[in-house]
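Colleague: Below is the structure I would like to discuss, written out as structure tokens.
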Amino acid sequence: MAAEAVGGQRPPGGTGPNHGLRIFLIWLPIAVVADILLYFVYGPHMPPGTMSTAAASQQFDIKVMSVMAAPVMAFVLVFAAYSLIVWRHREGDADDGPPIYGHTRIQATWITVTSVIVLSLAAFGTYELAAPGFAGAGAGEGPAPIWKPTGGNVLQVQVIGQQWRFTYRYPQFGGFETTALYLPAGRPVQFNVTSLDVIHDFWAYQLGVKADANPGVNNVAYATPTHTGQFTVRCDELCGLWHGAMFNFGQVDTVADFQSWATATEAKLARVTAILPAYSTVYDPTVVPQINKAMVKAGIAGANGYYYPPQDPAQP
Ligand SMILES: [Cu+2]
């Protein structure tokens, strides 16, 4: 290309290639293909999946943010590749390009595009937090949630964090406390998350629920499991020596299976439940030693103070 000066600079008074248009035309199909692949091919596999309403909304949010981010990433890569190929140093070219002190169109485009991207992300995020069935429901809304699931029949599950395990209380089933987390599919669940000692964080990954467990605070989160299966529960707040071991699994069952599990467990743990403090949104941890003593006295725990679940064959 004779008109193109050495180094790719547009020759004075001449007509070089329109680099902006070229970059745009290379970038456009890459951006469109990347967005289609991200939304339709990879999108359904994006975290945290679709095991609950909260998880599905979060997956949608992540898909939308990916679709907005991919063209930006594509532009950076296309621009870098184009620069390396077209504007690379050539033999006998000792000059830098002429300094550019101002280019109104590039500046205006830059400010407009970045402003539109950032402001529309802010608007989208705000809407998604406030919209009905919103994606923020699993994040913990504190003791007085603004958004609540519509319709009744909400299952109450209390999550109690303590070094280093989670236990769960079911106030609608006599308030029994267990290390197993069972939930019914298709029914809204209200998680009441609290702690007996330091700050933990209840993270039920596949349910899209992640709420801080603070001592003396009831942090409420909502999710409606949409299908049966297992999910992982992890503590997601560094809480001491065995923080990394503070995880277990939860299970979403059919409504009938959940009902029979809950009523059977309520009966099985009745003697223990009678000794526990009455169900409350928060607890005074200083009563724990008294509970231990009462358990030993009732023959539910061994003389060493350890409690053996009734189904455990090692029970003394
Ligand atoms: Cu923890």
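The values are calculated or read from the model by the stated rules, or taken from the named source; none is laboratory data. On a predicted model such as this, the values are computed, not experimentally measured, just so you know. Cβ placement follows ideal geometry from the backbone for every residue including glycine, while neighbour counts extend to all protein chains displayed. Quick note on the areas: whole protein, heavy atoms, side chains included, nothing else; ligands and nucleic acids left out. Shrake-Rupley method; radii C 1.70, N 1.55, O 1.52, S 1.80 Å.
Colleague: Residues in region 163-175: is at least one over 16 Å from D201 (Cα atoms), part of a strand (DSSP E or B), open to solvent by less than 20 Å² (accessible area, probe 1.4 Å) and among the hydrophobic types (A, V, I, L, M, F, W, C)?
Modeller: At the first step, the residues of region 163-175 found to be over 16 Å from D201 (Cα atoms) are 169-175.
If we keep only those that are part of a strand (DSSP E or B) as well, we get 169-170.
Filter once more, keeping what is open to solvent by less than 20 Å² (accessible area, probe 1.4 Å): 169-170.
Checking the rest, the ones that are also among the hydrophobic types (A, V, I, L, M, F, W, C) come to none.
No, the conditions are met nowhere in region 163-175.
Colleague: Which ones in region 228-244 are in contact with a strand residue (DSSP E or B) (Cβ under 8 Å, 6 or more places away or on another chain) and either on the phi > 0 side of the Ramachandran plot or surrounded by 12 or more Cβ atoms within 10 Å (Cβ to Cβ) (or both)? If you could, list the steps in order and put the result at the bottom.
Modeller: The first filter runs over region 228-244 and keeps only residues in contact with a strand residue (DSSP E or B) (Cβ under 8 Å, 6 or more places away or on another chain), leaving 228-237, 239, 243.
Within region 228-244, T228, G229, F231, T232, V233, R234, C235, D236, E237, C239, H243 qualify.
Colleague: Restricting to region 186-204, what's the tally of residues that are more than 15 Å from the ligand (Cβ to nearest atom) and under 15 Å from A54 (Cα atoms)? I'd like the intermediate steps shown before the answer.
Modeller: First pass over region 186-204, keeping only residues more than 15 Å from the ligand (Cβ to nearest atom): 186-192.
Among the residues that remain, those that are also under 15 Å from A54 (Cα atoms) are: 186-191.
Number of matching residues: 6.
Colleague: Now, a different point. So which residues in region 219-244 are more than 12 Å from the ligand (Cβ to nearest atom) and in a strand (DSSP E or B)?
Modeller: Here is the first cut: in region 219-244, the residues more than 12 Å from the ligand (Cβ to nearest atom) are 219-232.
Within region 219-244, N219, V220, A221, Y222, A223, P225, G229, Q230, F231, T232 qualify.
Colleague: How many residues are at pLDDT 95 or above, among the aromatic types (F, W, Y) and either surrounded by fewer than 18 Cβ atoms within 10 Å (Cβ to Cβ) or not in a helix (DSSP H, G or I) (or both) when one looks only at region 245-260?
Modeller: 0
Colleague: So A213 passes all but one of these: (1) buried (at least 21 other Cβ atoms within 10 Å of the Cβ); (2) more than 16 Å from the ligand (Cβ to nearest atom). Which condition number does it fail?
Modeller: (2)
Colleague: Can you name every residue in region 160-185 that is more than 17 Å from Y279 (Cβ to Cβ) and either away from the ligand (no atom under 16 Å from the Cβ) or without any contact (Cβ under 8 Å) to a residue 24 or more places away in the chain (or both)?
Modeller: Once the filter is applied, which keeps residues that are more than 17 Å from Y279 (Cβ to Cβ) and either away from the ligand (no atom under 16 Å from the Cβ) or without any contact (Cβ under 8 Å) to a residue 24 or more places away in the chain (or both), region 160-185 yields A180, Y182, L183, P184, A185.
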